[in-house]
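The values are calculated or read from the model by the stated rules, or taken from the named source; none is laboratory data. A quick note: this is a predicted structure, and the numbers were derived from the prediction, not measured. Positions of Cβ are backbone-derived with ideal geometry, glycine not excepted, and every protein chain shown enters the neighbour counts.
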């Protein structure tokens, strides 16, 4: 089976060049082990039943023996042998070399280690596949090149609305791409949703949790995806069908965050009007929109009559892809919204200080409105800077409307219109 290249490949190579070991984390099924195997020169797989007992016996007595092998040496499902962490840390100190080890493991189990591994064991977070990695985006527009040139030739996306809807429902799970029929591809996210609620949420810290309560939380999150729904709203949804207490609710949400299923978006809070005007609550989101589709029990045909829900799921897809595309620059995504109704669906900050204001619009009919919001935020920043000499705000480097439509171009007001089916890193 041919390996589909991931944007994480380059990041992993840099990590191995910089640190003694790299720990790859992310949601179950996103391709952590497969990506790690592309760089590894030797492998210990603790889940291999033919060798598992022997590996674990050595790991519990003389774990350093398992480190003998060609480097980088991959330890898959390392959490089954937690003593290996300390052995790796000591080996890095003793050898003072980079690129010695890679660790991958299930996100459904956390491990307490006596040492953090700081400066020795770096962490790489992986996401499900972006549209470019799965082959649905043709990659005509490089996000990072756009930051550099601020220019764009007219482009046309070949991704149809039906193709986009299916990609949202299927998700970016590598296993789904290997399945031959559309229905079998859709089943991967359905199973991931089920396993998360019925197994993983209890296995992660060995606390028995009610799977139906977990399903209720994810179902409410899915109904409120990419909105500013308050905790009381989601908690109210859940308690309408359960007798869950508030502390229990927070415990379940925290477990789902540890599983990399829930991933809320923080607010960007520049005081361009006043601190009182800023909405600072988190925007609700999941690691992949397909989880929301599975939680709601719907399929691609459902969206023939519900484009409103599709719009929110499209925004979630865009956030996932932009996080992946900007990961080489340690990109961070937030959003802006104030009580006057001015908003930017996303604010993408790069580690060198550059940033882009973003709006996500499924249809071309909403592009003008999105562009207007972005231009108004830029205008307010300029006005703020005229009054504030001590700490002026940086003017946005890019103003972008990401769309599900066909055409990409630069508007006269400087706003870029980018089809999601043309983007890459």
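Residues in segment 354-361 include none that are touching a helix residue (DSSP H, G or I) at 6+ places or on another chain (Cβ under 9 Å), assigned by TED's automatic domain parsing to the domain that holds residue 149 and assigned to a helix (DSSP H, G or I).
So is residue 159 touching a helix residue (DSSP H, G or I) at 6+ places or on another chain (Cβ under 8 Å) and in a loop (DSSP other than H, G, I, E, B) or not? So residue 159 passes the test.
For residue 332, indicate whether it is in contact (Cβ under 8 Å) with a residue 12 or more places away in the chain, surrounded by fewer than 18 Cβ atoms within 10 Å (Cβ to Cβ) and within 30 Å of residue 122 (Cα to Cα). Don't jump to the end; show me each part of the working.
Working: in contact (Cβ under 8 Å) with a residue 12 or more places away in the chain: yes; surrounded by fewer than 18 Cβ atoms within 10 Å (Cβ to Cβ): yes; within 30 Å of residue 122 (Cα to Cα): yes.
In short, yes.
The set of residues from segment 230-275 being out of contact with any helix residue (DSSP H, G or I) (no Cβ under 8 Å at 6 or more places or on another chain) and closer than 25 Å to residue 128 by Cβ comprises 254, 257, 258, 260, 264, 266, 267, 268.
Return the residue satisfying two criteria in turn: it lies in segment 288-308 and is surrounded by 15 or more Cβ atoms within 10 Å (Cβ to Cβ) and out of contact with any helix residue (DSSP H, G or I) (no Cβ under 7 Å at 6 or more places or on another chain), and of such residues it is farthest from residue 215 (Cα to Cα). Full working, then the answer.
Let us first name the residues in segment 288-308 that are surrounded by 15 or more Cβ atoms within 10 Å (Cβ to Cβ), namely 288-296, 298-300, 302-303.
Now narrow it down to the ones that are out of contact with any helix residue (DSSP H, G or I) (no Cβ under 7 Å at 6 or more places or on another chain): 298, 302.
On the way: 298: 15, 302: 20 Å.
Out of the qualifying residues, it is 302.
Does residue 314 count as in contact (Cβ under 8 Å) with a residue 60 or more places away in the chain, part of a loop (DSSP other than H, G, I, E, B) and either more than 30 Å from residue 388 (Cβ to Cβ) or not assigned by TED's automatic domain parsing to the domain that holds residue 420 (or both)? The answer is no for residue 314.
Within segment 86-99, is there a residue that is in contact with a helix residue (DSSP H, G or I) (Cβ under 7 Å, 6 or more places away or on another chain), on the phi > 0 side of the Ramachandran plot and either modelled with pLDDT of 95 or more or not assigned by TED's automatic domain parsing to the domain that holds residue 25 (or both)? Within segment 86-99, one or more residues are in contact with a helix residue (DSSP H, G or I) (Cβ under 7 Å, 6 or more places away or on another chain), on the phi > 0 side of the Ramachandran plot and either modelled with pLDDT of 95 or more or not assigned by TED's automatic domain parsing to the domain that holds residue 25 (or both). The selection criterion, being out of contact with any helix residue (DSSP H, G or I) (no Cβ under 8 Å at 6 or more places or on another chain), in contact (Cβ under 8 Å) with a residue 40 or more places away in the chain, over 26 Å from residue 164 (Cβ atoms) and surrounded by fewer than 21 Cβ atoms within 10 Å (Cβ to Cβ), does not hold for residue 341. If I filter segment 280-302 for residues that are modelled with pLDDT under 95 and either in a helix (DSSP H, G or I) or over 23 Å from the mean Cα position of the chain (by Cα) (or both), do I get at least one hit? There is no residue in segment 280-302 that is modelled with pLDDT under 95 and either in a helix (DSSP H, G or I) or over 23 Å from the mean Cα position of the chain (by Cα) (or both). Failed condition for residue 273, given (1) in contact with a strand residue (DSSP E or B) (Cβ under 7 Å, 6 or more places away or on another chain); (2) surrounded by fewer than 16 Cβ atoms within 10 Å (Cβ to Cβ); (3) within 24 Å of residue 182 (Cβ to Cβ), with all others met? Condition (3) is where residue 273 drops out. Does any residue of segment 193-208 turn out to be touching a residue at least 60 places away in the same chain (Cβ under 8 Å), closer than 24 Å to residue 289 by Cβ and not in a helix (DSSP H, G or I)? Checked segment 193-208: at least one residue is touching a residue at least 60 places away in the same chain (Cβ under 8 Å), closer than 24 Å to residue 289 by Cβ and not in a helix (DSSP H, G or I).
Looking only at strands (runs of 3 or more DSSP E) that lie completely in segment 30-109, which have at least 3 residues being touching a residue at least 40 places away in the same chain (Cβ under 8 Å) and within 23 Å of the chain's Cα centre (by Cα)? Step through it out loud before you land on a result.
Working: elements: 42-45, 73-76, 101-104.
It comes to 101-104.
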